[in-house]
Ligand code: DC
């Protein structure tokens, strides 16, 4: 579970990659923290709470892919229509709430945060997210958001591709069954057929996200792996805070 290097080394490499300002690197309060993991592993809720405690910004990058998929469905643009798809990336924007959490997404000039979490987008988004040209169109925007430090960024490829020099990398995992149960609770579903469908959809999405050629879901070699099966929300937040503290201790001892 212990990653292979300390924060100070990571910061040095990060600076050489020119992803962060000198000011950010000099401050313990400006760490860049990547949280990756499969659908419904808790990245967004746990990451947002950890960011609140640290007084960091929080960014849920899944919203970018969801908003592009939502726009594409709305306009009848298929995943294979790369020329039609890529410009849609320029029409979506993450918007901070009053606490600086980048948890709202605007598309078509309005807030579509609720819409992008619907079942239609759930089913379609992985097919859009695997298009390399769309991913390329979103890379710089994600890096720019992290450039000043003091951020927790959640997604699939944050620690491996978007921010390979992040100070702390965390991989949140849970079994498909546990994640499907959580999703069913979120949707207030008690119907068994619907619950079975949620599990099936989730497995299909896992497979697309993990097997795509560009930036597949992977555990970074230097990530803390936290398995959340059977954990309460508070226990997982505590595990994430513990990993961040351990990484800081590691850097002090390095
Ligand atoms: O985390 P989520 O379920 O909201 O993600 C929605 C989709 O976007 C999912 O198919 C994975 C994809 N995604 C991605 O490929 N890379 C990211 N950094 C974030 C999400």
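The values are calculated or read from the model by the stated rules, or taken from the named source; none is laboratory data. Given the structure is predicted, the values throughout are model-derived calculations rather than measurements. No Cβ is skipped: glycine too gets one built from the backbone with ideal geometry, and neighbour counts run over all protein chains shown.
Odds and ends about this structure:
Conditions tested, residue by residue: (1) closer than 30 Å to residue 76 by Cβ; (2) more than 14 Å from the ligand (Cβ to nearest atom); (3) more than 16 Å from the chain's Cα centre (by Cα); (4) crowded, with 20+ Cβ neighbours inside 10 Å.
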| position | (1), (2), (3), (4) |
| --- | --- |
| 116 | yes, no, no, yes |
| 129 | yes, no, no, yes |
| 133 | yes, no, yes, no |
| 139 | yes, no, no, no |
| 168 | no, yes, no, yes |
| 171 | no, no, no, yes |
| 177 | no, yes, yes, no |
| 188 | no, yes, yes, no |
| 207 | yes, no, yes, no |
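- Considering only residues in segment 28-67 that are in contact with a helix residue (DSSP H, G or I) (Cβ under 6 Å, 6 or more places away or on another chain) and part of a helix (DSSP H, G or I), the one that is nearest to the ligand (Cβ to nearest atom) turns out to be 65.
- Only listed residue being modelled with pLDDT under 95, assigned to a helix (DSSP H, G or I), in contact with a helix residue (DSSP H, G or I) (Cβ under 8 Å, 6 or more places away or on another chain) and farther than 13 Å from residue 39 by Cβ, chosen from 195, 148, 180, 245: 195
- Residue that is farthest from the chain's Cα centre (by Cα) [pool: residues in segment 151-162 that are near the ligand (Cβ under 8 Å from one of its atoms) and in a helix (DSSP H, G or I)]: 162
- Among the residues of segment 209-224, the ones that are over 12 Å from residue 38 (Cβ atoms) and buried (at least 16 other Cβ atoms within 10 Å of the Cβ) come to 6 in all.
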